[in-house]
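This report concerns only the one structure given below.
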Amino acid sequence: MDSAGLLRWRYGEGLVPVGPPWLLEAVRDLTSLGGVLLRNLIALGAVIALLFARLRREAVLLTATIAGGWILNTLVKLAVGRPRPLIVPHLTEAGGESFPSGHSFNSAVVYIAIALAFAAMSPRRGVRWTLIGVAVALSMAVAFTRVWLGVHFPSDVAAGWLGGAGWAFLATAILHRPAKAVAAGADETLEKMTPAA
């Protein structure tokens, strides 16, 4: 499955990628949404937006979910230590271990957790499902790019995305009560520090 998945998107003796030249640039742009810089900037923007909206519980929950996911992904990578595939030429730079895919895991955690945090603001089920659906689709697209670019086996990506999505939903359920307690404590501290009007 892994070899076939990598070779599916290549042809010829040089194992060049299928599709027109602009497709490679588009795939690289899409994969960057799962990279450390853009992913963390988007997460930081979401936390700041939640704080401005006075949704401290959701901001704490989002931060804890993302931090926990990063730790979990790093520990699994270190435990497994699988090298990156050398079946096809890599079409982008990639370092570190291959399993699970960090782009797949962390983009699923970040985008799904952001969607869950903002979905909590809407009373309309259609809005909530749309936010979560878009986050799932975006994170799956990022995961797919890692195989297309030849830097991960399909099993790395499947494990990464399933692990990240699973952590995003699980952490939202598990960390809900502790995040609420931290946010309440922050509210009390702010009230004590603010002079009475």
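The values are calculated or read from the model by the stated rules, or taken from the named source; none is laboratory data. Computed from a predicted structure; not experimentally measured. Neighbour counts run over all protein chains shown; Cβ positions are idealised from the backbone, glycine included. Quick note on the areas: whole protein, heavy atoms, side chains included, nothing else; ligands and nucleic acids left out. Shrake-Rupley method; radii C 1.70, N 1.55, O 1.52, S 1.80 Å.
For Glu13 and Thr92, the FRET efficiency from 1/(1 + (r/R0)^6), where r spans their Cβ atoms and R0 equals 22 Å, is about 0.55. Based on C-alpha pairs under 8 angstrom that are at least 6 apart in sequence, the chain has a relative contact order of 29 percent.
Which of the peptides 37-48, 141-152 is most tightly packed, and how do the rest follow, judged by the mean count of other Cβ atoms within 10 Å per residue?
Numbers: 37-48: 15.0, 141-152: 24.2.
Final packing ranking: 141-152, 37-48.
Computed over Cα pairs, the Kirkwood radius of the range 37-139 leads via Stokes-Einstein (1.306 mPa s, 10 °C) to a diffusion coefficient of 106 µm² per second. Span-like helix criteria (full DSSP H runs; alpha carbon extent of at least 15 Å along the helix axis; mean Kyte-Doolittle hydropathy of at least -0.5) are satisfied in the chain by 21-32, 36-52, 56-80, 102-119, 125-148, 154-174.
Starting from 0.36 nm per residue, how many nanometres of slack lie between Ile71 and Ser3 once their C-alpha separation is accounted for? Spell out each step's value before the answer.
Details: separation 68, 0.36 × 68 = 24.48 nm, distance 2.90 nm.
Contour length minus the Cα-Cα distance gives 21.6 nm.
Counting only heavy atoms of the protein chains and using a 1.4 Å probe, Met121 has close to 100 Å² of accessible surface. Between the amide H of Val16 and those of Tyr11, distances stay under 5 Å, these residues lying 5 or more places away or on another chain, with hydrogens modeled in the peptide plane.
Packing around the peptides 113-119, 89-95, taken as the average count of other Cβ atoms within 10 Å per residue, puts them in this order, highest first: 113-119, 89-95. Take the Cα radius of gyration of the range 109-167 and divide it by 2.2 N^0.38 Å, N being the number of residues; the result is 1.26. Taking the protein heavy atoms of the range 1-85 in the context of the full set of protein chains, the accessible area attributed to carbon and sulfur is 72 percent at 1.4 Å. In summary, the chain shows an alpha-carbon radius of gyration equal to 1.18 times the 2.2 N^0.38 Å reference for compact globular proteins. FRET efficiency for the pair Arg124 and Val80, taken as 1/(1 + (r/R0)^6) with r the Cβ-Cβ distance and R0 = 45 Å, rounds to 0.60.
The residues of the range 1-64 present an accessible area of 62 Å² per residue when probed at 1.4 Å with all protein chains retained.
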